[in-house]
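A short worksheet on the structure shown next.
The values are calculated or read from the model by the stated rules, or taken from the named source; none is laboratory data. From a predicted model like this one, the values you see are computed outputs, not experimental measurements. Note: ideal-geometry Cβ built from the backbone for every residue, glycine included; neighbour counts use all protein chains shown.
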Amino acid sequence: MRLRKRYLLLAAVIGACVAAPPALAAPSEAKLEVNENCVEPNWPCWATPGSSQPASKVTLASGGSVAFTDKGREANIAWAGTAPTCEASVPVVPTAAKTGWEGKCTFTTPGTYRFESSTLWFEYTKYEVVVEGSSTTTPPTGTGEGGAKGGSAPGTGSSPAPMGENPTGSPLSGAPVVRASQSATTVKGSLEISKAGAGGRLEVDLLATAASLAGVRHTTRVVGRFVSASVSAGALSFSVKLDARARKALKRRHRLALTVKIVLIPLYGQAITVTRPVTLHA
């Protein structure tokens, strides 16, 4: 009887091992497409096919790829740090946003890759791609995997701080200066980049409401953009031109109310966003 019980116990252990499901491996490819009505109408985002929720985090196996498809609102990709290798069809900043494109970005090095999409949209959603390997860490900053195919990656053109000496604090020294009333079809301003912000990516967007741009179906529209993939510490001036639709609205109404949205994504630490109201006069 004792021998029989031992056999039964051994069989139960073997059966449990066989029945245990294997650990799910990370997929080798993910698909993201522009959904123009994520969560609420007129809020576009990158989402998995058929989903109405932003794909804030995507997990891949090392060597995997993300297939981007944009058949909706115009968009491009801005990598915050090291960029993967992207096909030429993927508009990577400083390439302008566009629609009607698709292409893949491939991730060969394990780590966490962060990106935002210039028109997808404001502070609501940031995206990251986690690439699993023997260990998953933030990939080193620098020219990235992309080379010529990957486009300009934020962080290029400025040497990162040595290991263990990452700068801390706000990436901005003081508040940006943007006059509330300006003339002509260009918005001008300036800001001071701190040591903590050196090497980061700067984007300045001019935002106009649908009411001020008759016929625009989105609540808010980007009507001008300035992008610097890597900024240096010190004073920086920017000048952002209106697009053709906004220039026509200004000419017709003689004034145009805008919101200037300034986003600085440092190599280390949290991004900072500042907005300023501006009225342009013809």
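Points to keep in mind about this one:
- In the range 40-52, the condition of being modelled with pLDDT under 90, in contact with a Leu (Cβ under 8 Å, 6 or more places away or on another chain) and part of a loop (DSSP other than H, G, I, E, B) is met by at least one residue.
- Residue among S194, S183, S173, S134 that alone is of a type in the set (S, T, N, Q), closer than 25 Å to T109 by Cα and modelled with pLDDT of 55 or more: S134
- Only listed residue being aromatic (F, W, Y) and either at positive phi or surrounded by fewer than 24 Cβ atoms within 10 Å (Cβ to Cβ) (or both), chosen from W101, W79: W101
- Matching residues in the range 226-282 - criterion: being in a helix (DSSP H, G or I) and crowded, with 16+ Cβ neighbours inside 10 Å: A246, R247, A249, L250
- Residues satisfying the stated conditions in the range 19-76, i.e. more than 21 Å from S118 (Cβ to Cβ), buried (at least 17 other Cβ atoms within 10 Å of the Cβ) and polar (S, T, N, Q): S65
- Single residue of A11, A83 found to be modelled with pLDDT under 55 and either in contact with a helix residue (DSSP H, G or I) (Cβ under 8 Å, 6 or more places away or on another chain) or more than 30 Å from V223 (Cβ to Cβ) (or both): A11
- Elements of type strands (runs of 3 or more DSSP E) contained in the range 64-124, each with 2 or more residues being touching a residue at least 40 places away in the same chain (Cβ under 8 Å): 65-70, 101-106
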